[in-house]
Amino acid sequence: MSETTNASGQSAQASASAVAPATDETSQGQWLQVITSKKLTTWAVIAAVIVFAIHVFMGIVVDFGNTGANVTAIDRLAFPVLGAIIAGVCLLLTRARVRVSDRGVEVRNLLTAKFYPWNDIYGLSFPKKSKWARLELPDFEFVPMLAVQAADGARVVDAINRFRELEDKYMPED
């Protein structure tokens, strides 16, 4: 589910009238809205646990029986190590986040975060049959926002409504 929180960790519904902005030393100002996807995070953690558990199990049972192959300790250890690497890749999905300030929007998907000033933003769109929203940019470019998932239901609607309020307030008129 999409979670919209302010600096004090309250949901947007609980603190709609009083938003206490968060400040990050490396940010572009005070964050007025932070959006993450609870459903994406939940599925990523579940996938990581399952992948790691299967690889640990395979590391244990790879040496059972006589298959004719010479299985060493390195072979048995390789399964859990490979499982940990794949699980770590699954956990990258938990990093998805969108932060909004009076200066612009920061979108963090898997590896990197990028800040877009309001002057460069044309809006937020959620195309039909799309799994996540996207930030519209000049020249028909866009940035996918993995933190704003359609699967999050009503919570994502609240997050988008709050985003649009901030967009109306800070995005320059053209």
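Taking the residues in the stretch 30-51 that are touching a residue at least 40 places away in the same chain (Cβ under 8 Å) and in contact with a Gly (Cβ under 9 Å, 6 or more places away or on another chain) as candidates, determine which candidate is surrounded by the most Cβ atoms within 10 Å (Cβ to Cβ).
Applying the filter and picking the extreme gives Ala48.
All but one of (1) aliphatic (A, V, I, L, M); (2) at pLDDT 90 or above; (3) over 30 Å from Val62 (Cα atoms) hold for Met171, so report the exception by its number.
All conditions pass for Met171, except number (2).
Let me spell it out: the conditions are (1) modelled with pLDDT of 90 or more; (2) open to solvent by less than 60 Å² (accessible area, probe 1.4 Å), and Arg95 meets all of them except one. Which number is the exception?
For Arg95, the exception is condition (2).
Out of Ala113, Ala150, Ala159, which single residue is at pLDDT 90 or above and in contact with a Phe, Trp or Tyr (Cβ under 8 Å, 6 or more places away or on another chain)?
Ala150
Just checking, does the stretch 81-98 include any residue being within 26 Å of the chain's Cα centre (by Cα) and charged (D, E, K, R)?
Among the residues of the stretch 81-98, at least one is within 26 Å of the chain's Cα centre (by Cα) and charged (D, E, K, R), which makes the answer yes.
In the stretch 52-75, which residues are over 30 Å from Gln149 (Cβ atoms), assigned to a helix (DSSP H, G or I) and open to solvent by less than 80 Å² (accessible area, probe 1.4 Å)?
Met58, Gly59, Val61, Ala73, Asp75
The values are calculated or read from the model by the stated rules, or taken from the named source; none is laboratory data. Please read all numbers here as calculations on a predicted model, not as lab measurements. Every residue, glycine as well, gets a Cβ built from its backbone with ideal geometry; the counts of neighbours run over all protein chains shown. Accessible surface areas use protein heavy atoms only, side chains included; no ligands, DNA or RNA. Shrake-Rupley method; radii C 1.70, N 1.55, O 1.52, S 1.80 Å.
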